[in-house]
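Derivation of every value follows stated rules applied to the coordinates shown; laboratory data play no part. For clarity, every value in this text was computed on a predicted model and none was experimentally measured. Positions of Cβ are generated from backbone atoms using ideal geometry, with glycine treated the same way; all protein chains shown enter the neighbour counts.
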Amino acid sequence: MNASDLPGSFSSFLRARGMEPRWDLPSGGSGLDAPEGTTVLAFRYQDGVIMAGDRRATAGNLIAHNRVQKVFSADRFSAVAISGTAGIAIELIRLFQTELEHYEKLEGHRLSLEGKANYLASMIRRQLPMAFQGLAVIPLFAGYDEEAGTGRLFSFDLVGGRYEEIDYTATGSGGRDAKLYLRGAFRPDTEEPAAIRLAVEALVRAAEEDSATGGPDLRRDIYPNVAIVDADGFREVPEEAVATTARDVLGGEW
């Protein structure tokens, strides 16, 4: 399904007025050295799902930004995290948020969690021409399924393939190292404080192996973005709580 085919699509509304969002670039776009977001992860825990991302964006072998937000609310019961070309990814997520809000207002109910994942996959597919020019966006999507009463995770590939993950997933340049850590440490019955710590530990491990991933920086007060989605909805973990956990992880034996 094309994103614009969804009933109540905001893109359809814009297209009818000649204002459809476009993702095209002129030829030669592959020469752009645009900042890229690196490592994001998500996993289930006892009450729902947790999502986290480091704060670094790189441009080639340079650090472009150290305080990039990579985890966002998609709507009340879902979250999305970005990796890939940062500027394009953020704009795509803003459009995704608008599409979900527009649909809910017109239809009077939220799209199902699986419907949201399918919709995001179609949006990724639409920016495939830019991916061929080296400007790819690979998000993660997670949320709380109100009908099933459980957290669910979805990963995507470059061409918009959508895959539901059972327990955990990660993507970006440090995604492999984060997943390797989660493979050994993940427990589905983990309570919230331990889940926050596990997310920080996995990002620290990724940062140790991948230079494009930024670990917690205690001196400059730079800490990962961490968010939770449970039966009460989406909420960001306060930076103070993440900072306390990061200090404990970096200063302790783990």
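Odds and ends about this structure:
- Spin-label pair THR244-ASP217: with each label point 7 Å from Cα along the Cα-Cβ axis, the two points sit 2.5 nm from one another.
- Within a straight-line Cα-Cα reach of under 21 Å, LYS70 can be paired with the following lysines, leaving aside sequence neighbours fewer than 8 residues apart in one chain: LYS116, LYS179.
- If R0 equals 51 Å, the separation of the Cβ atoms of ARG183 and LEU106 corresponds to a calculated FRET efficiency of about 0.75.
- Gyration tensor (Cα) of the range 97-250, equivalent ellipsoid semi-axes in angstrom: 28, 21, 15
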